[in-house]
Amino acid sequence: MTDCHLYEGDGTRPIEEENVRVLYENRRVQFPDELGLWRREIEDEEARRQAAGEPHHWNNPRFAVESLVVSRTHTAEEPQVTLSFLDADYYDYLTTSINLDRRLANGSTLRRQYLQDRDPLDAPAWMFCSFGVNVAVETGKDGKMLFSRRSAKVAGPNASRWNSSANEGAAANHDLSAAGEVSLHAIARRALREELAVQSSDRTDLELLGFGLDLRNNQWAAFFRAVLGDLSEEELRFRWSRGIEDKWEHDEYAFVPADPESALGFIHRTDAWTPCAPALFYLALVRGAVRAEGGDTAARLRVDEAERAVLGGDRTGAG
């Protein structure tokens with residue numbers, strides 16, 4: 001059980017790149033006055049740390065999610081997704097993400113007032129000041145699934161937790177084109193390059209599998225599966241030994257055979273996961289099983305069977 005709500009996607013089919021539309025409006029998200037004070041507290045504290053030469057979190061442009069609409073194409077009924085983004089920044093994200101349970105002047109909390117026993121889609125855009133793109137990676141040469149543990153140095157509530165193979169928050173300074181367009185697939189490729197040293201020249205089979213909402217931290221996420229056709233664990237680790245753009249974001253990696261029983265066994269044996277990572281890897285395993293059976297969606301049941309075997313083995317060992 002995790003704090004992830006799967007909003008769209010079951011892993012059996014991808015959401016094609018041409019069926020994803022991101023609408024961007026150059027309008028800054030606006031906090032209520034009380035939250036504006038919280039944001040200034042964060043800004044002042046980070047400025048103090050920087051001036052003192054202490055580790056600090058720099059601010060960068062982000063997007064606030066105004067809406068996420070899912071529909072289907074007219075004939076084939078393939079999934080279509082429309083995302084609407086506004087301007088925000090990293091300190092905006094921290095203002096809500098680390099303060100969801102902080103007491104408001106009215107005695108309530110952000111979680112109680114906007115999320116608890118409510119449809120989270122009805123929450124205002126300033127409650128969603130970050131959009132994460134998460135990628136589950138498999139090596140094509142030796143069939144390994146890659147799990148990454150976030151460093152204790154990263155900001156936010158997911159530090160030191162096991163997470164997706166690579167992930168990036170959508171950022172205006174990186175991901176907004178001169179024409180005002182945003183591509184989730186391009187963000188996924190950036191995550192692979194910056195965090196795993198996977199280059200554009202590497203043969204990569206990249207599919208968008210779904211969308212989820214991290215209910216614990218109130219953050220939207222896109223879920224991708226990437227199969228690196230020409231790379232192995234050994235070759236990736238060799239590259240990392242020669243430097244990675246964002247090496248500091250992770251402090252441990254685990255390569256596990258990409259069959260469902262091995263991968264799910266690692267997930268169930270390992271503590272401290274981010275809320276959405278287990279759901280991401282489950283979808284990736286389902287997609288791998290379906291593709292291995294030539295598109296037969298019933299292959300997803302083999303992943304569930306593998307999980308039952310893992311859980312049964314855990315119970316036997318515990319007894």
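The values are calculated or read from the model by the stated rules, or taken from the named source; none is laboratory data. In this text, all values refer to a predicted model and were calculated from it rather than measured experimentally. Here Cβ is always computed from backbone atoms with ideal geometry, including for glycine, and neighbour counts include all displayed protein chains. Surface areas here come from the heavy atoms of the whole protein model, side chains and all, with no ligands, DNA or RNA. Shrake-Rupley method; radii C 1.70, N 1.55, O 1.52, S 1.80 Å.
For the reader, a short list of remarks on this structure follows.
- The set of residues in the range 183-196 that are over 14 Å from ALA221 (Cα atoms) and open to solvent by less than 10 Å² (accessible area, probe 1.4 Å) comprises LEU192, GLU195, LEU196.
- For the range 266-276, the criterion of a residue being more than 27 Å from GLU194 (Cβ to Cβ) and of a type outside the set (Asp, Glu) is satisfied by at least one position.
- Test for GLU194: is it in contact (Cβ under 8 Å) with a residue 40 or more places away in the chain and among the acidic types (Asp, Glu): yes
- Residue that is most open to solvent (accessible area, probe 1.4 Å), among those in the range 55-69 that are over 12 Å from TRP220 (Cβ atoms) and either assigned to a loop (DSSP other than H, G, I, E, B) or of a type in the set (Asp, Glu) (or both): TRP58
- Residues being among the charged types (D, E, K, R) and under 17 Å from the mean Cα position of the chain (by Cα) - total across the range 3-45: 3
- Within the range 75-95, residues that are in contact (Cβ under 8 Å) with a residue 12 or more places away in the chain and within 10 Å of VAL29 (Cβ to Cβ) sit with their Cβ atoms under 6 Å from residues that are surrounded by fewer than 22 Cβ atoms within 10 Å (Cβ to Cβ) and of a type in the set (S, T, N, Q), at 6+ positions apart or across chains, in these pairs: ASP89/ASN59.
- If the condition is being part of a helix (DSSP H, G or I), farther than 22 Å from LEU6 by Cα and among the charged types (D, E, K, R), then the range 262-299 contributes only ARG269.
- Looking only at the range 258-272, residues that are open to solvent by less than 30 Å² (accessible area, probe 1.4 Å) and at pLDDT below 95 come to 1 in all.
- Residue count for the range 10-26 satisfying the condition of being open to solvent by less than 30 Å² (accessible area, probe 1.4 Å) and in a loop (DSSP other than H, G, I, E, B): 3.
- Residue match in the range 300-313 (condition: without any contact (Cβ under 8 Å) to a residue 60 or more places away in the chain, part of a loop (DSSP other than H, G, I, E, B) and either touching a Cys at 6+ places or on another chain (Cβ under 7 Å) or open to solvent by 20 Å² or more (accessible area, probe 1.4 Å) (or both)): no
Residue-wise test of (1) in a helix (DSSP H, G or I); (2) on the phi > 0 side of the Ramachandran plot; (3) more than 15 Å from the chain's Cα centre (by Cα).
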| residue | (1), (2), (3) |
| --- | --- |
| ASN167 | no, no, no |
| SER177 | no, no, yes |
| VAL182 | no, no, yes |
| ILE187 | yes, no, no |
| VAL198 | no, no, yes |
| ASP202 | no, no, yes |
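- When residues in the range 226-257 are screened for being crowded, with 16+ Cβ neighbours inside 10 Å and of a type in the set (A, V, I, L, M, F, W, C), 8 of them pass.
- Of all residues in the range 204-234 being of a type in the set (D, E, K, R), in a strand (DSSP E or B) and at pLDDT 95 or above, the one that is nearest to the chain's Cα centre (by Cα): ARG225
- Selection count where residues are open to solvent by 20 Å² or more (accessible area, probe 1.4 Å) and either of a type in the set (A, V, I, L, M, F, W, C) or not in a loop (DSSP other than H, G, I, E, B) (or both), scope the range 94-109: 3
- A residue that is within 30 Å of ALA179 (Cβ to Cβ) and among the basic types (Lys, Arg) cannot be found anywhere in the range 41-60.
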